[in-house]
Amino acid sequence: MSSTTQNTNNIANIETGTCKGYLLYNRVIIPEYNCANKIYWDGYYGTFLGIQKPRDKNIQAPLELSIIEALYLLEKRNLNIYMGNKKVEKNELYTIGNNYIERFKELYIVYKDLRDRGFIVRRGLKFGCDYLVYRFGPGIDHAPFGVEVFSLSEKYDPIDIVRIGRLLHSVRKKLIIAIVSDEEIKYVLLSWWKP
């Protein structure tokens, strides 16, 4: 196959939503650069391997997605996922995520809800929370919110919430607590009170 034919096929795959990702442990890798760029720039999904702050719209690096991001893209039919040559179905990926990630169900429900509302959702580990939520995307605006996800039945130490809130407050972000009960989510916005 000529490189021109291959490039034409790759572009066709992007346009029809058939980008391929490969499941490796608890991550999905998109090795094809055109697909990686399309997925990243269409919603700031994942991170490019070896690139800290992407600026160029034509990055020559594979894209790494979390299982949560990959499941969302699979549900939206923007990505096909494989384990070797075997295609991974939605239920199978959900089960794998549930096995590898603590509180996977709650984390995914909140991620999906925020994405469906039009927000850009990124990992919040650097700021001590589950997610950062942007209006427009990293490099365009700063994330005004950090989100911490809890199950309604989960026990938690209020000191942990104070720690997360203090860290987010120090970088001018507000803390949102997302409380998940079955498929319902209650969002609580916390703000600092000074006596």
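Where a number appears in this text, it was derived from the coordinates with a stated rule and is not lab data. Since the model is a prediction, treat every value here as computed from it, not as a measurement. Because the Cβ atoms are built from the backbone with ideal geometry, glycine has one as well, and the counts that use them run over all protein chains shown.
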Worksheet item: Using r as the Cβ-Cβ distance of GLU102 and TYR82, and R0 as 30 Å, what FRET efficiency do you calculate, to the nearest 0.05?
Response: 0.70
Worksheet item: For the pair TRP193 and ASN91, what calculated FRET efficiency results from E = 1/(1 + (r/R0)^6), where r is the Cβ-Cβ distance and R0 = 45 Å, to the nearest 0.05?
Response: 0.50
Discussion item. If you filter segment 118-195 for trypsin sites (Lys or Arg not before Pro), then keep DSSP loop positions with at most 13 other Cβ within 10 Å, what is left?
Written reply: ARG135, LYS155, ARG172
Worksheet item: In bins 5 Å wide, starting from 0, what share of all Cα pairs of segment 9-117 does each bin hold, as a percent?
Response: 2, 13, 25, 24, 20, 12, 4, 0
Worksheet item: Could you give the angle, 0 to 90 degrees to the nearest 10, between helix 158-170's Cα long axis and the longest principal axis of the Cα atoms of the chain?
Response: 70 degrees
Worksheet item: Using alpha-carbon pairs under 8 Å, 6+ residues apart, how would you state the relative contact order of segment 54-148 in percent?
Response: 16 percent
Item to complete: Work out the length of the dipole vector of the chain about its Cα centre, built from +1 on the beta-carbon of each Lys and Arg and -1 on the beta-carbon of each Asp and Glu, and round it to the nearest 20 debye.
Response: 620 debye
Fill in: the chain, relative contact order [Cα under 8 Å, separation at least 6], %
14 percent
Practice prompt. Please identify, among LEU114, LEU23, LEU65, the residue showing maximal mean-square fluctuation in a Gaussian network model of the chain using a 10 angstrom Cα cutoff.
Written response: LEU114
Discussion item. Strictly over 19 Å apart at the Cα level, which of LYS126/LYS174; LYS20/LYS86; LYS38/LYS76; LYS90/LYS126; LYS112/LYS173 would you flag in this model?
Written reply: LYS90/LYS126; LYS112/LYS173
Worksheet item: In nanometres, what is the gap between the two model label sites at ASP42 and VAL162, each 7 Å from Cα along Cα-to-Cβ?
Response: 4.6 nm
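How high is the relative contact order of segment 113-195, in percent, with contacts defined as C-alpha pairs under 8 Å that are six or more residues apart?
It comes to 22 percent, rounded to a whole number.
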Worksheet entry | Full-stretch length increase - LEU24, ASP116 - with 0.36 nm per residue and alpha-carbon distance subtracted | 30.5 nm
Practice prompt. Multiply the residue separation of SER181 and LYS57 by 0.36 nm, subtract the distance between their alpha-carbon atoms, and state the gained length in nm to one decimal.
Written response: 40.7 nm
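When the dipole is taken about the Cα centre of segment 102-195, and only Lys, Arg (+1) and Asp, Glu (-1) are charged at their Cβ, what size is it in debye, to the nearest 20?
540 debye
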Worksheet, complete the sentence: To the nearest 10 degrees, the tilt of helix 3-15 (Cα long axis) against the first principal axis of the alpha carbons of the chain is 40 degrees
Worksheet item: By how many degrees, 0 to 90 and rounded to 10, does the Cα axis of helix 104-116 deviate from the longest principal axis of the chain?
Response: 80 degrees
Worksheet, complete the sentence: With -39,500 (n - 2.57) per DSSP H segment of 4 or more residues and division by the full residue count of the chain, the 222 nm estimate, nearest 500 deg cm²/dmol, is -10500 deg cm²/dmol
Worksheet item: Can you tell which of ILE159, ILE67, ILE185 shows the greatest fluctuation in a Gaussian network model of the chain with Cα springs below 10 Å?
Response: ILE159
Worksheet item: What GluC sites (Glu not before Pro) in segment 39-119 are in a loop by DSSP, with at most 14 other Cβ atoms within 10 Å of the Cβ?
Response: GLU89, GLU102
Worksheet, complete the sentence: At the level of C-alpha centres, the distance separating segment 74-112 and segment 136-150, in angstrom, is 23 Å
Worksheet entry | Rounded to 5, percent antiparallel among DSSP beta bridges of the chain | 70 percent
